[in-house]
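Quick note: the coordinates plus some simple rules give every number you see, no bench work behind them. All values reported here derive from a predicted model rather than from experimental measurement. Cβ: placed from backbone, ideal geometry, glycine included. Neighbour counts: every protein chain shown.
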Amino acid sequence: MPQRSPFDEVQREYFDLADEERFEFLTTGPGFSETEDALLAPFADEIQEPFLEVGCGEGGNLARLARCGRCVGVDLFLPKVRFAHANVNGPSFAAANGLALPFRDDTFQTVFIRDVLHHIDEPRGVLREAERVLRPGGQLLLIEPNGRNPIVKVQALVVAAEGKSREFNTEHIRELLSDFEVDEVATAHPFPLRRVCFHYRFGYPRLAEISWTRNLLTRVELFVSRFVPPRYWEHVTAKARKRSAPRRNAGNAGSAGGAGARAITPSHGPS
Ligand SMILES: C[S@@+](CC[C@H](N)C(=O)[O-])C[C@H]1O[C@@H](n2cnc3c(N)ncnc32)[C@H](O)[C@@H]1O
């Protein structure tokens, strides 16, 4: 078995179990789930089937984005995938490494990756795999933290597993996407006051149950947002396409049913 880097060890320790609280908070948390709706809405309109989320965690994104039977979520950790399977209706789930996806070349029309690349030693490897399993012209949708945002900076200092988020910003994402046809790299969440104050771990989510605090923070957030330059917003988002004629030979590291994949549902690749 290859030796894990200290970086990998930190990530595994942080992510190996299902975080039920996080799922509740992302999907139904008052005051917070609205900010998730706003973040994901522009992506929901873009999704075409078959659709894959790499590093789907507990399935919080798929709970919003998956509307079809031809959706698949994969995550490195089986407890997360099991939780997602039990709590999100519709998609198929499989435990698999984003660096060796268990799908054939040119399988998916859309691949979505959120908050995963900065948790991986070699993020280009995950993007290579995403490109391999995308159909020519298929779309990659990406969300990562913006290391220029002060909250992201603080979180990177305080939470070891988030340390690499400091390196992520619009330019870095553009570089990482050099093998794709990039349609858009943007930022989102100018002043994420509610996301901080109502956060299930770092904030005080009970505040969100009081409607006037929710309304007050929403207004402050909207007001201050007008003055924050986009380069400092909380998230970097990107939309890119697989080139119709790839510039390099696509690898075949994770051909269908590749080693290490554990399907939770009968099928782990839409036909
Ligand atoms: C911050 S969480 C984001 C989860 C989900 N994308 C979301 O937005 O809620 C990062 C996820 O990436 C997963 N992950 C980390 N390394 C991975 C890898 N090599 N292959 C697949 N998933 C991985 C973790 O298990 C974790 O669920």
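I need the phi-derived Karplus couplings for region 70-79: 6.51 cos²θ - 1.76 cosθ + 1.60, θ = phi - 60°, integer Hz, Gly and Pro marked x.
Computed from phi, the couplings for region 70-79 are 9, 10, 9, x, 10, 8, 5, 10, 4, x Hz.
Alpha carbons only, please: Rg and Dmax for region 1-75, in angstrom.
Just the Cα atoms of region 1-75 yield Rg and Dmax of 14.8, 44 Å.
For the chain, taking Cα atoms only, what is the radius of gyration to one decimal and the Dmax to the nearest whole Å?
Here Rg and the maximum Cα pair distance are 18.1, 57 Å.
Please report the antiparallel percentage of DSSP beta bridges with both residues in the chain, rounded to the nearest 5.
Values: 17 of 35 bridges.
Here the share of antiparallel DSSP bridges comes out near 50 percent.
Below 27 Å, Cα to Cα, which lysines can Lys242 reach? Residues fewer than 8 away in the same chain don't count.
Lys164
Once you place label points 7 Å from the Cα toward the Cβ at Arg174 and Arg124, how far apart are they in nm?
1.8 nm
Dividing the alpha-carbon radius of gyration of region 44-88 by 2.2 N^0.38 Å (N being the number of residues), what value is obtained?
1.06
Ratio of alpha-carbon Rg to the 2.2 N^0.38 Å globular estimate for region 50-141, to two decimals, please.
Compactness ratio reported: 0.97.
With each pseudo-label sitting 7 Å past Cα toward Cβ, what's the Glu21-Ala245 distance in nm, one decimal?
The modelled label-to-label distance comes out at 5.4 nm.
Test of understanding: ordering Cys197, Cys56 by Cβ neighbours within 10 Å, fewest first, what list do you get?
By the 10 Å Cβ count, ascending, the order reads Cys197, Cys56.
Using only C-alpha positions, report the orientation-averaged shadow area of the convex hull of region 172-249, nm², one decimal.
Averaged projected hull area, Cα only: 7.4 nm².
So, with +1 on the Cβ of K and R and -1 on the Cβ of D and E, and no other charges, what is the size of the charge dipole of region 1-121 about its Cα centre, to the nearest 20 debye?
Dipole of region 1-121, to the nearest 20 debye: 380 debye.
Just the number, please: Stokes-Einstein D of region 109-212 in µm²/s, Kirkwood Rh from C-alpha pairs, 4 °C, 1.567 mPa s.
Result for D is 84 µm²/s.
Whole angstrom only: what separates the Cα centroid of region 34-71 from the Cα centroid of region 92-161?
Taking the Cα centre of each part, region 34-71 and region 92-161 sit 14 Å apart.
What number do you get for region 96-169 when its Cα radius of gyration is normalised by 2.2 N^0.38 Å, N = residues?
Values: Rg = 13.9 Å, N = 74, 2.2 N^0.38 = 11.3 Å.
This ratio for region 96-169 stands at 1.23.
How far, in nm, would the chain grow between Arg166 and Phe7 when pulled straight, counting 0.36 nm per residue and subtracting the alpha carbon separation?
55.8 nm
If I take R0 = 35 Å and measure r between the Cβ atoms of Phe202 and Arg226 in this structure, what FRET efficiency does the formula 1/(1 + (r/R0)^6) give, to the nearest 0.05?
0.90
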